[in-house]
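What follows is a set of notes on a single structure, which appears directly below.
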Amino acid sequence: MLRTTPDGALGTPAHAAAVCFLRDLIREMARQHPKGETAGRRTALRCVAGAVAGELAPLMTEMAAPRPAALLISPPHKAPTYDGAWPERRFPVRLDATGFRPQSALKMLGYTVGRTNGWSRQDRQEFLQYFVEAHLPRQVIAVFKDEYGPPGSDHRLLRTANLLAANVRNFTRNDPDRYDDAIEDWQEDLAFLWTMYGSARSSVRGRWPRTTVT
């Protein structure tokens, strides 16, 4: 059920028409899906939910309306109290024996999504809180220098959010059906970062990344 704004604005004819449009869109996407209607409906719902969370969250916050992300994810899992050091026993550094530069600091620290070996939602959200707030391990700094900025900074938050959003866009262009679980995890984690940090920082609202593929 859709939540309403304090003045009940979601009950207007315009919003009712929007809901009908989304239902028709989901139904049509499901009907045309090559893997059948059930798989199509699942993919369509993820696309719509991700678009709402990623595209409308800043606007909804400015309007003092309920954040879309709050409708999609569970309450944040708060990381344990710590002194700012990276929890290496919990999330150890993974060095590449080939010597190639890792794709990102998240990958270097083990962050994994998707159906096969993906982490649970709780593990991913705990990791992301540490990643935003903690001092990164020296091995990561040696590779990425100051690319991710200081702990807790807008730079660190936006760099992380941009990585997740870029993954959503790139894999949606590539093969959204094959990577639907990974895409859903990235969208969920991006919404989590917005709910946990971005929504409270006016300095990042206008710079929050989009996930729409153009």
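Worth pointing out:
- Segment 74-205: C-alpha pair distances exceeding 18 Å, %: 55
- Shape of segment 154-214, Cα gyration tensor, a/c cut at 1.5: prolate
- For segment 120-190, the square roots a ≥ b ≥ c of the C-alpha gyration tensor eigenvalues yield an a/c of 1.5 or more together with a/b exceeding b/c, which makes the shape prolate.
- Shape call, segment 84-147: gyration tensor on alpha carbons, a/c limit 1.5: oblate
Read-outs: derived from the displayed coordinates by stated rules, not from any lab. Please read these numbers as outputs of a predicted model, since none were measured by experiment.
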